[in-house]
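Single-structure report; data block below.
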Amino acid sequence: MKYCDYPSRSLMVMACQRGIQVYDADGSVMLYWHSLVPPSSDEVSASFARGISTFQDCMLCIGTDSGNILIFDVPTRGANIVLREMLKGHTAPISCLFNKEDLLGSGDDSGKVVVWQHDVDSNSIQVLTTIDIQGSPCSSVLLWEELVIVAYASGLIRVFNVLGRLHAEVAAHARWITAMDVAPATGLVLSVSEDSFAKIWQLKSEDTVEIEHKASECVQDVQLCGCRFTSVNGSSFCVTGYDLAEVICFAAK
Amino acid sequence: MSLRTLPLLFINLGGEMVYILDQRLKAQVIPDEKAKKVLHDIVSTMFNRRFMDELFKPQELYSKKGLRTVFDRLAHASIMRLNTASMDKLYDLMTMAFKYQVAMSLTPRDVLLVTLNHIDAIQSFVAESPVISGHVDNVYQLLITNYGKLSIGEFQLIRQTLLNFFQDMHIRVSIFLKDKVQNSNGRFAISTAGMVPYGSEPPGIIRMFSTEGEHVKTASFPSGGNYTYSMQQGSIELQGNRCTQLGTNMYAMNKPFETTISVPAPQQPMSMDKNSQNPLAKAELNLLAQLIGTLDEKAAASSEFRLNLFRTDEEEEQAQALRPADLHAQVIQIDARCGGMDGELAKIMGDMKVVEQAGTANSSKGDDLLNLMDSTQ
C-alpha cells in the first residue's frame, strides 16, 4: 500500500491479490479498481500486484506478477483514471518500483533492474538501462542523482550509475533486505532487514562514487519489514516489523 | 499471497503433532502396541493419497478455525481421545513450533527443508508398515515435484503467506523459554550471530569499483553482529543432509513442555469467514471427515484411552475450567448440501474406503462426523 502524492491531490493505492484499488486520500471513497484477472473467472488465480510508484507527477505505476508494469494516467481531480500502457521489460514478478523525475526504476524477483525514461515530447516511456544480475531477487530500488541503488535478498546493496556501471557493492545485511529509503537532500540511504538491523549509509557522487556506513540500529528480536525517512535531510526515520504493532522512530542526536 | 502454501502448512503442523503425541504417549507409559497404532492411524489418514492430491492443488489457505477443525478430527483418527483443554494445548504447541521454524529459516527455501525434516522423521515413525511408508514416500515425491524447482521469490511469497497466517500469535512455550529461543513477552529471539544463508556474504565489507569495472578499494565497517559463511546448501534428495535443525524433533530429549497464553486474546466474533464459502476447502474437509470416520464401536470401547497433554489430571481439569465457555460452541458451518461441491470430488468420496489394515475405520461411520461438523445454529 502506498500514498501517492501528486501536485494537486493525494491517492491511497493498494496493490492486492487479483487487482489494484485506488482510494482518495483519507481512504473513504474507492475511485478506481483494476482487475488482473478476467471478470468472469471464478477460479483461483495466482495473479498479484506489487510495487507502486508515481511517475512524472501525472502517472501511476503498478508492478504485477507477470513482470509487466501497468501505467495509468491520473487526472488532477476526479475518478477518471485510465490505463495508458503496459511496460514489458521483465519476465519475473515485479518486486519494487521507484520514481525520480523522468526516471522510473523497476526490480524483479530474478534480480533484474530496468531504468525507464519518460520523454515528454513524444510522451513515450523507453528503456534507458537494463542491469541484469541474476541469482538473488531484487527487493528494493532507489534513484538518487545519477545513481541507481539496488538492495537484494542476499543482503547485498549495489550502487550503479544510471547507465548500468557498477560503482560499489556492500555486504550490508545478514538476511533479506526488506526495504530502503533515500533522503534526496543529503544522499543518506536507509536499509532494513529481517536480521533486525536498520543501517544508514552516506552516498557521495562528486568526483568518485562512494558509499560509506554511518550508523546501525538493532531493533531487538524484530524482523524489520518497512522503513521511511521522516525528514528531508534524513535526520529521523521510522521502521516497522513483522508481528509488531508499533512503528519505531529514530532521530539523530 | 501464494496459492501453494496449504500443503506445507498441513504437513509441517501434522509433523509437529506426531512429535508431541509420541512424546506424551511415552510419558504416559501407554503400551507400545497402542502407541504405535495411534501414530500409524494418524499418519495414514494424514497422508492418504486422495487427500494429498486434493491438498496439493493451488488454493488459498483455510481459515484458522477451519485448520483447527481439521487437526481436531485428525487427532481423533484413532483410539486416542483428547479432551478440549489438551487439544488446545496440542494445537498451540504445533502452531508456535512451526511459526518459529518459518520465522527463523535462513532462506525462504529452507521452509521446504523444514518440511523434509518432518517427512524424514514421520518416515521413521511408520517404518514398520510398508503401506503407510509408501504413503509418506508419495508425499515426498509430491513435495519435490511441486516445490523442487520453485524460485527464491516464490518461496518468499509462500513464507510470507505462512507468516501472515501466524501473525500475532505469541503463546509462550516452556521448551522455547528454557532454551532462550523465546522471550517472556512471547517474541522469538533473533540472534545477531550465526550463519548467513548459503551463497550470501557476512556483512561488513564495502567494495568500490573503478570506471573500468576493476575492484579498486575495500572498506570495512562494524556489522553489529558476528556472522559466518554457510558451508553447505541443504539437500532435497531423499536421504540428503538438510543442513538445518529446524523441523527436527525437539521433544526427543524428553523435556517437559507447558504453554501459557501471554496475553488473554480478545474473543473474536464467531462470524463466517470467507474460507468457509470456499467450495474446495469444504469439500476437502468433508473428504477428510469421510476418511477418518469413527471406529467400529466394539473395538473402540476396549482400546480407547485418553491422552493428557498436561503433567497431571488436576492441571488438565484446571485448564479445562479456565477455557471460555463459548469456545465449545465454535463449530465450522459446512453445508455439504450446497451446489458448490465439486462433482469429481463427490465421486472420489463415494468410492473412498480406508482399507489400510484389518479392523480400521470405514466410511459408513463418517456420517456421524459430518453431522457433527454441520452445525445447526
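Go through the stretch A:53-106 and give me each residue that's among the acidic types (D, E) and either free of Cβ contacts under 8 Å to residues at least 24 places away in the same chain or more than 17 Å from A:S8 (Cβ to Cβ) (or both).
So in the stretch A:53-106, the residues among the acidic types (D, E) come out as A:57, A:65, A:73, A:85, A:101-102.
Scanning the stretch A:53-106 gives A:D65, A:D73, A:E85, A:E101, A:D102.
Residues that are at pLDDT 90 or above, in contact with a Lys or Arg (Cβ under 6 Å, 6 or more places away or on another chain) and hydroxyl-bearing (S, T, Y): does the stretch B:199-215 have at least one? Steps first, please.
In the first step, residues of the stretch B:199-215 are kept if they are at pLDDT 90 or above; the result is B:200-209.
Filter once more, so that each one left must be in contact with a Lys or Arg (Cβ under 6 Å, 6 or more places away or on another chain): B:208.
Now narrow it down to the ones that are hydroxyl-bearing (S, T, Y): none.
Scanning the stretch B:199-215, I find no residue that is at pLDDT 90 or above, in contact with a Lys or Arg (Cβ under 6 Å, 6 or more places away or on another chain) and hydroxyl-bearing (S, T, Y), so the answer is no.
Applying the condition of being part of a strand (DSSP E or B) and surrounded by fewer than 17 Cβ atoms within 10 Å (Cβ to Cβ) to the stretch A:203-216 and asking which residue is nearest to the other protein chains (Cβ to nearest Cβ) yields A:E212. Any residue at all in the stretch B:176-189 that's closer than 30 Å to A:I94 by Cα and at the interface with chain A (Cβ under 7 Å from one of its Cβ atoms)? Looking through the stretch B:176-189, none of the residues is closer than 30 Å to A:I94 by Cα and at the interface with chain A (Cβ under 7 Å from one of its Cβ atoms). Listed by position, the strands (runs of 3 or more DSSP E) inside the stretch A:14-80 whose residues that are among the small types (G, A, S) and within 14 Å of another protein chain (Cβ to nearest Cβ) number at least 1 are A:19-24, A:49-55, A:59-64.
Among A:S154, A:S136, which is touching an Asp or Glu at 6+ places or on another chain (Cβ under 9 Å) and over 17 Å from A:F55 (Cβ atoms)?
Values: A:S136 fails: touching an Asp or Glu at 6+ places or on another chain (Cβ under 9 Å).
From the options A:S154, A:S136, the qualifying one is A:S154.
When you scan the stretch B:160-179, do you find a residue that is touching a residue at least 12 places away in the same chain (Cβ under 8 Å) and surrounded by fewer than 12 Cβ atoms within 10 Å (Cβ to Cβ), even just one? Walk me through it before giving the result.
Within the stretch B:160-179, the first condition is being touching a residue at least 12 places away in the same chain (Cβ under 8 Å), and the residues that meet it are B:160-166, B:169-176, B:178.
When the remaining residues are screened for being surrounded by fewer than 12 Cβ atoms within 10 Å (Cβ to Cβ), the result is none.
Scanning the stretch B:160-179 turns up no residue that is touching a residue at least 12 places away in the same chain (Cβ under 8 Å) and surrounded by fewer than 12 Cβ atoms within 10 Å (Cβ to Cβ).
If you filter the stretch A:157-202 down to residues that are assigned to a strand (DSSP E or B) and facing chain B (nearest Cβ under 7 Å), you find that the one that is surrounded by the fewest Cβ atoms within 10 Å (Cβ to Cβ) is A:L166.
One residue alone among B:F51, B:F10 is over 12 Å from the mean Cα position of the chain (by Cα) and at pLDDT 90 or above, and that residue is B:F51.
Could you tell me whether the stretch A:30-42 includes any residue that is surrounded by 20 or more Cβ atoms within 10 Å (Cβ to Cβ) and touching a residue at least 60 places away in the same chain (Cβ under 8 Å)? No, the conditions are met nowhere in the stretch A:30-42. Going through (1) within 14 Å of chain B (Cβ to nearest Cβ); (2) closer than 30 Å to B:I158 by Cα; (3) touching a strand residue (DSSP E or B) at 6+ places or on another chain (Cβ under 7 Å) one by one, A:S154 falls short only on (3).
Open to solvent by 10 Å² or more (accessible area, probe 1.4 Å), under 13 Å from the mean Cα position of the chain (by Cα) and not polar (S, T, N, Q), is that true of B:K64? Yes: the conditions hold for B:K64.
Do we have any residue at all in the stretch A:85-103 that's assigned to a strand (DSSP E or B), open to solvent by 30 Å² or more (accessible area, probe 1.4 Å) and among the polar types (S, T, N, Q)? Checking the stretch A:85-103: at least one residue is assigned to a strand (DSSP E or B), open to solvent by 30 Å² or more (accessible area, probe 1.4 Å) and among the polar types (S, T, N, Q).
Tally time: how many residues in the stretch B:143-159 are more than 9 Å from chain A (Cβ to nearest Cβ), open to solvent by less than 30 Å² (accessible area, probe 1.4 Å) and outside any loop (DSSP other than H, G, I, E, B)? Talk me through it step by step, then tell me what you get.
Quick first cut of the stretch B:143-159, residues more than 9 Å from chain A (Cβ to nearest Cβ) only: B:143-150, B:155, B:158-159.
Right, trim to open to solvent by less than 30 Å² (accessible area, probe 1.4 Å) and you get B:143, B:147-148, B:150, B:155, B:158-159.
Now narrow it down to the ones that are outside any loop (DSSP other than H, G, I, E, B): B:143, B:147, B:155, B:158-159.
Of the residues in that region, 5 qualify.
When the stretch B:230-249 is filtered for residues that are within 14 Å of another protein chain (Cβ to nearest Cβ) and open to solvent by 30 Å² or more (accessible area, probe 1.4 Å), only B:Q233 remains.
Residues to consider are B:Y227, B:Y198; find the one that is within 11 Å of chain A (Cβ to nearest Cβ), assigned to a loop (DSSP other than H, G, I, E, B) and of a type in the set (F, W, Y).
On the way: B:Y227 fails: assigned to a loop (DSSP other than H, G, I, E, B).
Being within 11 Å of chain A (Cβ to nearest Cβ), assigned to a loop (DSSP other than H, G, I, E, B) and of a type in the set (F, W, Y) holds for just one of B:Y227, B:Y198, which is B:Y198.
Here A:Q220 clears all of (1) of a type outside the set (A, V, I, L, M, F, W, C); (2) more than 10 Å from chain B (Cβ to nearest Cβ); (3) part of a loop (DSSP other than H, G, I, E, B) except the condition numbered (2). Please go through the stretch A:121-155 and pick out each residue that is in contact (Cβ under 8 Å) with a residue 60 or more places away in the chain and open to solvent by 30 Å² or more (accessible area, probe 1.4 Å). The answer is A:E145, and nothing else.
The values are calculated or read from the model by the stated rules, or taken from the named source; none is laboratory data. This is a predicted model, so every value here is computed, not measured. For neighbour counting, all protein chains shown are included, and Cβ atoms are generated from backbone atoms with ideal geometry for every residue, glycine included. Note: accessible area is taken over every heavy atom of the protein model, side chains too, but ligands, DNA and RNA are not part of it. Shrake-Rupley method; radii C 1.70, N 1.55, O 1.52, S 1.80 Å.
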